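Structure first, then comments.
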Amino acid sequence: MRGGMAARSDPIAAIATAPGRGGIGVVRLSGDAIERFILPLTGKALAPRHATYTRFLDAAGIPLDAGIALYFPGPHSYTGEQVLELQGHGGPQVLQGVLERCIELGARLAEPGEFSRRAFLNGKLDLVQAEAVADLIDAGSREAARSALRSLDGEFSRHIHSVKDALIHLRMLVEATLDFPEEDVDFLHQADAWGKLADIDGKLDAVLARARQGVLLREGLNVVLMGQPNVGKSSLLNRLAGYDAAIVTEIAGTTRDTVREAIQIQGVPLHIIDTAGLRETEDPVEKMGIERAWAAVEKADVAVLLIDARHGVGAQEAAILARLGEIPVLTVHNKIDLGRDTPHVSPDGLELWLSAKTGMGLALLEERLLQLAGWRATGEGTFIARTRHVLALRRARDHLRVAVSAGTQLEFLAEELRLAQEALSEITGEFSADDLLGVIFSQFCIGK
């Protein structure tokens with residue numbers, strides 16, 4: 001039982017491998033009475049944690065498939081329950097037949113993420129590790145996969161527990177002073193309570209910084225290329241993508257709709273969106289493209305405004321910049337191959353000179369985009385994280401900052417420390433609302 005919730009233990013079954021045809025397919029069962037499925041399905045007893053080659057049988061004893069059967073008695077299994085895995089051939093009809101036989105024997109079809117949810121509720125994984133299972137499967141880059149594996153191995157959780165343990169110790173000191181009025185504030189000074197609070201605050205900031213990197217690895221950065229027609233947006237998209245993802249011509253207004261391309265820079269996923277040229281036009285199709293361009297900008301993390309380096313920022317570019325508001329903007333002066341400029345970045349980092357045609361300055365652009373995204377390459381391995389983790393860490397940090405300002409008002413100090421601990425506990429699932437768990441695990445695939 002975890003977070004006030006008890007795990008269901010009725011038998012569940014699902015195909016645990018991806019849809020489609022493959023050399024191998026897996027049907028997984030979990031529950032408290034899975035051993036009764038073994039003989040009807042395989043026709044033989046299975047030694048725990050030993051791979052046994054056998055046939056998978058239908059109700060009449062006719063083979064449905066042949067493969068490897070593995071039985072894991074609880075609690076030493078993925079879910080903490082009895083688990084049976086039938087590893088056969090990866091044909092959809094074969095797998096469906098084996099799954100239907102499991103249902104005939106009394107299992108029900110597992111809900112999305114139910115295996116991992118049971119693992120969480122039975123204490124086999126904390127919530128961060130359970131989410132890392134899905135993130136490892138969905139990883140869009142090798143670095144994201146490595147980071148998800150670090151979270152699955154418990155690295156992120158260990159950092160959270162380290163901060164929380166220090167927080168609990170500090171709460172103990174503060175609440176002991178409240179419980180025993182004869183102890184005064186001098187007791188807390190002697191125990192260096194405020195020094196401990198500052199140390200916790202520093203540790204929390206370090207975890208938050210790494211979590212932000214993890215969110216970036218998981219979710220990527222939305223970059224919109226915008227500017228007037230024929231300034232080289234599509235050429236730059238093609239250069240970043242490494243192939244001709246967009247049509248390039250000398251005709252202004254060639255791009256009529258948004259063109260999306262996913263790339264990676266140092267393992268960080270970037271979603272590059274090429275948009276229609278921004279100008280006044282009477283062409284109804286081009287107008288629709290321009291409307292979609294501005295809609296894409298509203299969802300962007302960074303806007304790259306391309307201009308012709310030979311002309312610089314004019315009235316139309318200034319109007320575009322004014323409309324962008326608070327969205328981070330990088331102004332890129334393109335076509336330096338037609339003039340005398342060389343690739344460089346302005347001192348404030350807000351302007352950059354390159355040639356999309358030749359690739360001169362492309363490395364500078366990639367580096368600057370990562371900087372705008374907040375990516376900081378460090379010697380420490382990044383662990384995967386989600387937006388909800390960052391929000392909870394920020395709440396914990398905010399409560400700590402209020403605690404610092406509370407000074408010797410011990411009741412307020414104790415309450416803020418308690419709220420900070422609750423925020424951290426939400427991350428690992430030691431304190432979670434049932435509806436939050438439902439949302440998290442519903443996003444998993446069926447067989448996990």
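Using the Karplus curve 6.51 cos²θ - 1.76 cosθ + 1.60 with θ = phi - 60°, what ³J(HN,Hα) values do you get for each residue of segment 8-15, in whole Hz, with x for Gly and Pro?
3J(HN,Hα) across segment 8-15, in whole Hz: 6, 10, 5, x, 10, 9, 6, 7.
So which of 233/299; 233/335; 124/203; 299/357 end up more than 20 Å apart, counting from Cα to Cα?
124/203; 299/357
Using a 1.4 Å probe and ignoring any ligands, DNA or RNA, find the accessible area of residue 162 and quote it in Å² to the nearest 10.
Accessible surface of residue 162 is approximately 60 Å².
In terms of solvent-accessible area of protein heavy atoms at a 1.4 angstrom probe, what is the ranking of 218, 368, highest value first?
Working: 218 90, 368 35 Å².
Ranking 218, 368 by accessible area, largest first, yields 218, 368.
The values are calculated or read from the model by the stated rules, or taken from the named source; none is laboratory data. All of these numbers come straight from a predicted model, not from anything done at the bench. Keep in mind that these areas ignore ligands, DNA and RNA; they rest on the heavy atoms of the full protein, side chains included. Shrake-Rupley method; radii C 1.70, N 1.55, O 1.52, S 1.80 Å.
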